[in-house]
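All of the numbers you see were taken from the coordinates with simple rules; none came from a lab. Note that the structure is predicted; figures quoted are calculated from it, not measured. So basically every Cβ, Gly included, is an ideal-geometry build from the backbone, and we count neighbours across all protein chains shown.
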Amino acid sequence: MKRFIAGATLFLTTVGCGVSTQQEVEMGTQYAQQINSQLPIVDDAEVNRYINILGDSIALLSDDRALDWHFFVVNSKEVNAFAVPGGFIYVNRGLIERADNLAQLAGVLGHEIAHVTERHSIEQMEKSQKANIGVTLGCVLLKACNDPATGQLINVVGTAVFAGFSRKAESEADEKAVTYVARANIHPVGIPQMFSQLLEERRSRPAGVEAWFA
């Protein structure tokens, strides 16, 4: 806990001047530990091996190859995926079950990887810190806001991770995903296919994919 608070203090005092890759990784590692202790992460060696091999095949060919990437499957039927700064990618079981082929799942991973390489969450953290945003989903989800320093860090990180990105950021992530997936010799057609599939489901059963479009 002391290390976590120290990291919070370091982040909060440096965010205004920009976050280095090392700080991003340290912060992401701390936040991922909190997430993994609260969310139902799938503990299946074969599943974890598959998602990490596929994820690494894309991430290690991305524009930021210095990160140590980690991929997790969340045992939730909700259709969602998100990225934590520093190279931590989470995909819900519900989204994986919607994928008809490897290319579609690869497209999802490529999109989330791009959010990390383009530092979209870091940008949102800096904006959130400057705006003094109050308690957010990250704080509520992780139930760790009793300590002011810990709560403030989780507040800022949680805001960035769980808040929707701008259209510009999403477009950038899509464009980069096409590049990253293609570099891994996977056809990027899976990206629009997956999106079209979820749009179709949104029309017929909007509740099932609400989180993805939030």
HN-Hα J in Hz across segment 84-101 - Karplus 6.51, -1.76, 1.60, θ = phi - 60°, x for Gly and Pro: 10, x, x, x, 10, 10, 10, 10, 6, 4, x, 6, 4, 5, 7, 6, 8, 8
- prompt: Given the Cα-Cα distance of Gln197 and Asn75 and 0.36 nm per residue of separation, how much length would full extension add, in nm?
  reply: 41.8 nm
- line: Sorted by chain and then number, the residues having a modelled amide H within less than 5 Å of the amide H of Glu78, at least 5 places away or on another chain, are Gly94
task: Quick one: net charge around Asn75, please, counting Lys, Arg +1 and Asp, Glu -1 for every other residue with C-beta under 11 Å from its C-beta.
output: -1
query: Sorted from fewest to most neighbouring beta carbons within 10 Å, what does the list Met194, Met27 look like?
result: Met194, Met27
For Leu39, distant residues with modelled amide H under 5 Å away: none
query: Hey, what do the phi angles of segment 26-33 turn into as Karplus ³J(HN,Hα) couplings, whole Hz, using 6.51/-1.76/1.60 and θ = phi - 60°, x for Gly and Pro?
result: 4, 5, x, 4, 5, 5, 4, 4
message: Students often check this: by mean Cβ neighbours within 10 Å, which of 94-104, 111-121 ranks highest, and how do the rest follow?
response: 111-121, 94-104
- prompt: Which whole-Hz ³J(HN,Hα) couplings does segment 54-66 yield from phi under the Karplus relation 6.51 cos²θ - 1.76 cosθ + 1.60, θ = phi - 60°, glycine and proline marked x?
  reply: 5, x, 5, 4, 8, 5, 6, 10, 7, 6, 10, 9, 8
